[in-house]
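Reviewing the structure listed below.
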Amino acid sequence: MTQPPLFDRFDAIPEQALNWHRAGAGAALATVVETWGSAPRRIGSQLVVAGDGRIEGSVSGGCVEGAVILAAQEAIADGKHQLLEFGVSDDDAFAVGLACGGTIRILVEPVGGSLPEALLADLVAARANREAVCYVVDLDTGAGRLERSGHDERIRMDRSGVEPDGTSFVAVHTPPLRLIAVGAVHITQALIPMARIAGYDPVIIDPRAAFATPERFPDAELRDDWPDEAVAAIGLDARTAIVLLTHDPKIDDPALEAALRSECFYIGALGSSRTHDKRRSRMQAAGFDGAVLDRIHGPIGLNIGASGPAEIAVAIMAEMTAVLRGRQP
């Protein structure tokens, strides 16, 4: 069975807020805007509250949700935003798995009130289109807007937060990370579960029917097309990593050429240094220059002395993370 998109599984909070509002139940979004100390949830974490008391998501791991729900229902009734501050006690922090307490500020925005339905709908549409956007809200007035440019560092680091002026909060909404693995091999079997844990939506491409089977990759999205066709259908963007794992140029190279023409943030290719030199020569013959070819990470993965498929998968995930977060290995 194919895994649903990450928005469906983990963070479809804006989508749920819009659905509940349009269904007539009323809805308010609660967002962690600042934290101090050992706060239970990271900045940008969200909870949606319906007018009838239903909730999705979390802003504190449970220790202040009750108070936030009450504030959200008040906001739904009067249409005004609220900015709440809570000190999480040591006892409450321990109950949600923390070693010590902390403080959090939470912004509550009623949909159709301080958060206009049209603005939320624009945000939901951007997320559906895999568009990186920032929702910027004035914490004093509650007025918000979407910004599609600027905030490059926040977007790269997936880091929401209050601006230095202290009055504006920037909520970063980036598309789910996506991993395209070309080659349904043993390394891929270890890599896919790791990628899911790290927040990636993985896709496996392999035209060899004996390799790309549901028995070997349960609950994975499998494409048995040739890689160039599959990659064209999926699309490559700046939130996509692609790894080439077959050792077969007939399968790897078409996907590699597509990746080199794209904005995908990571390109990794399995093989020794000698194999990689041959790969570069083939790509040069295909018209790619040295600067473009330097985007290929080969041999793939951080040099951690990995042995065996599982450890190689760890090395790949580590290198992908380093590149994504600007720590170029």
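The values are calculated or read from the model by the stated rules, or taken from the named source; none is laboratory data. Model, not experiment: these values are computed from the prediction. With ideal geometry, Cβ positions are generated from the backbone for all residues, glycine too; neighbour counts draw on all protein chains shown.
Observations, loosely collected:
- Being free of Cβ contacts under 8 Å to residues at least 24 places away in the same chain and more than 26 Å from PRO193 (Cβ to Cβ) holds for only one residue in SER273, SER281, and it is SER281.
- Residues located in region 60-102, provided they are out of contact with any Cys (no Cβ under 9 Å at 6 or more places or on another chain), of a type outside the set (A, V, I, L, M) and modelled with pLDDT of 75 or more: SER60, GLU65, GLY66, GLN73, GLU74, ASP78, GLY79, LYS80, HIS81, GLN82, GLU85, GLY87
- Given (1) surrounded by fewer than 22 Cβ atoms within 10 Å (Cβ to Cβ); (2) of a type outside the set (Gly, Ala, Ser); (3) in the same structural domain as GLU311 (by TED's automatic domain parsing); (4) touching a strand residue (DSSP E or B) at 6+ places or on another chain (Cβ under 7 Å), index of the condition ARG154 fails: (3)
- Residue list for region 57-75, filter: in a helix (DSSP H, G or I), within 29 Å of the chain's Cα centre (by Cα) and of a type outside the set (Gly, Ala, Ser): GLU65, VAL68, ILE69
- Some residue of region 145-167 being more than 30 Å from ASP219 (Cα to Cα), in contact with a His (Cβ under 8 Å, 6 or more places away or on another chain) and modelled with pLDDT of 90 or more: no
- Considered as a group, the residues in region 37-56 that are hydrophobic (A, V, I, L, M, F, W, C) and in a strand (DSSP E or B) include one that is surrounded by the fewest Cβ atoms within 10 Å (Cβ to Cβ), and that residue is ILE55.
- The helices (runs of 4 or more DSSP H) found entirely in region 220-301 that carry 1 or more residues being buried (at least 20 other Cβ atoms within 10 Å of the Cβ) and out of contact with any Cys (no Cβ under 7 Å at 6 or more places or on another chain) are 227-234, 249-260, 273-285.
- Residue list for region 203-216, filter: touching a strand residue (DSSP E or B) at 6+ places or on another chain (Cβ under 6 Å) and assigned to a loop (DSSP other than H, G, I, E, B): ALA212
- Residue in region 206-226 that is closer than 23 Å to VAL124 by Cα and either more than 25 Å from the chain's Cα centre (by Cα) or of a type in the set (Asp, Glu) (or both) present: no
- Of all residues in region 302-326, those satisfying the criterion of being at pLDDT below 95 and either of a type in the set (D, E, K, R) or in a loop (DSSP other than H, G, I, E, B) (or both) are ASN303, ILE304, GLY305, ALA306, SER307, GLY308, ARG325, GLY326.
- Unmet requirement for VAL162, which otherwise passes all of (1) farther than 26 Å from ALA313 by Cα; (2) without any contact (Cβ under 8 Å) to a residue 24 or more places away in the chain; (3) among the hydrophobic types (A, V, I, L, M, F, W, C): (2)
- Number of the exception - ASP140 against (1) free of Cβ contacts under 8 Å to residues at least 60 places away in the same chain; (2) touching a Gly at 6+ places or on another chain (Cβ under 8 Å): (2)
- Filtered residues of region 2-36 (kept if at pLDDT below 95, exposed (fewer than 14 other Cβ atoms within 10 Å of the Cβ) and more than 20 Å from the chain's Cα centre (by Cα)): TRP36
- A search for C-beta distances below 6 Å between a residue of region 298-321 that is of a type in the set (Asp, Glu) and any residue that is part of a loop (DSSP other than H, G, I, E, B), counting only pairs 6+ apart in sequence or on different chains, returns GLU319/GLY301; GLU319/LEU302; GLU319/PRO329.
- Odd one out for ARG216, checked against (1) touching a Lys or Arg at 6+ places or on another chain (Cβ under 7 Å); (2) free of Cβ contacts under 8 Å to residues at least 60 places away in the same chain: (1)
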